[in-house]
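What follows draws every value from the coordinates through simple rules; no lab data is involved. The model shown is predicted, which means the values in this text are computed figures rather than measured ones. Because the Cβ atoms are built from the backbone with ideal geometry, glycine has one as well, and the counts that use them run over all protein chains shown.
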Amino acid sequence: EAQVTQNPRYLITVTGKKLTVTCSQNMNHEYMSWYRQDPGLGLRQIYYSMNVEVTDKGDVPEGYKVSRKEKRNFPLILESPSPNQTSLYFCASSLSRTGVNTGELFFGEGSRLTVL
Amino acid sequence: GDSVTQMEGPVTLSEEAFLTINCTYTATGYPSLFWYVQYPGEGLQLLLKATKADDKGSNKGFEATYRKETTSFHLEKGSVQVSDSAVYFCALSQRSQGNLIFGKGTKLSVKP
């Protein structure tokens, strides 16, 4: 089954404790992206990647890191989480930039992160 | 920069009521326009799209027409069902950039 898988789905952590949210897709997609969803703000892009070893900042990259060492994986790293990073995070993938432009963006089920 | 503005929610309707969710955009050139839907506890999924002016996207009884003169892409459905309860996001993409810009989302609740 074609899917985007995120882990963990739920996490409660404390300020400053490094964490990684993993994202994996099994569709051989080139494009991957991370969004955060906050009430009243909608979805905002954190980072995206057009292909292996190619990553770019989105609208709200501060406090986050990403890597794209393999095509299927795009982990989101919070080196020193803070309470303002409490949010619902979504990973998404698409075959290519063209796929994004045609709406073929596939989302994971989300990871709800709480930073105390 | 490019942006998308949606009507504020939440929107609460009775089953079989008519639905309109307004969406306007600001963008240079000719972006592609989308409506995504997020059902409770799930990720977003594409509902419908339109890639050029006057195109009408449709799916599952929902429709939206790309109006360049009013820079709008309003979502409509003639008769909503309880199962349509979800958050709806309007979005645009520019071919040169390949990234989606989302509106803030509109939560729809349909009561039986």
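Below are the figures for this structure:
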read-out	value
For A:Tyr10, B:Tyr36, order by how many other beta-carbon atoms lie within 10 Å, fewest first	A:Tyr10, B:Tyr36
Proximal lysines to B:Lys49, defined as alpha-carbon separation beneath 29 angstrom and excluding residues fewer than eight positions away on the same chain	A:Lys57, A:Lys71, B:Lys60, B:Lys68, B:Lys77, B:Lys104, B:Lys107, B:Lys111
Chain A - mean residue ellipticity at 222 nm from DSSP helices (-39,500 (n - 2.57) per run, n ≥ 4, rounded to 500)	-1000 deg cm²/dmol
Neighbour-count ranking [beta-carbon atoms within 10 angstrom, fewest first] of B:Asp54, A:Asp56	B:Asp54, A:Asp56
Taking A:Val14, A:Val52, B:Val11 and counting other C-beta atoms within 10 Å, the order from fewest to most	A:Val14, A:Val52, B:Val11
Per-residue mean of C-beta atoms belonging to partner chains within 10 Å, peptide B:41-51	5
Highest to lowest packing among B:13-20, B:38-45, scored as the average C-beta count within 10 Å	B:38-45, B:13-20
Residue-span extension gain [A:Val14 to A:Asn51] - 0.36 nm each, minus C-alpha spacing	10.1 nm
For A:40-52, mean number of other protein chain Cβ atoms within 10 Å	3
From phi via Karplus (6.51, -1.76, 1.60), per-residue ³J(HN,Hα) for region A:58-74 in Hz, x at Gly/Pro	x, 7, 9, x, 4, x, 10, 9, 9, 8, 9, 8, 10, 5, 7, 10, 8
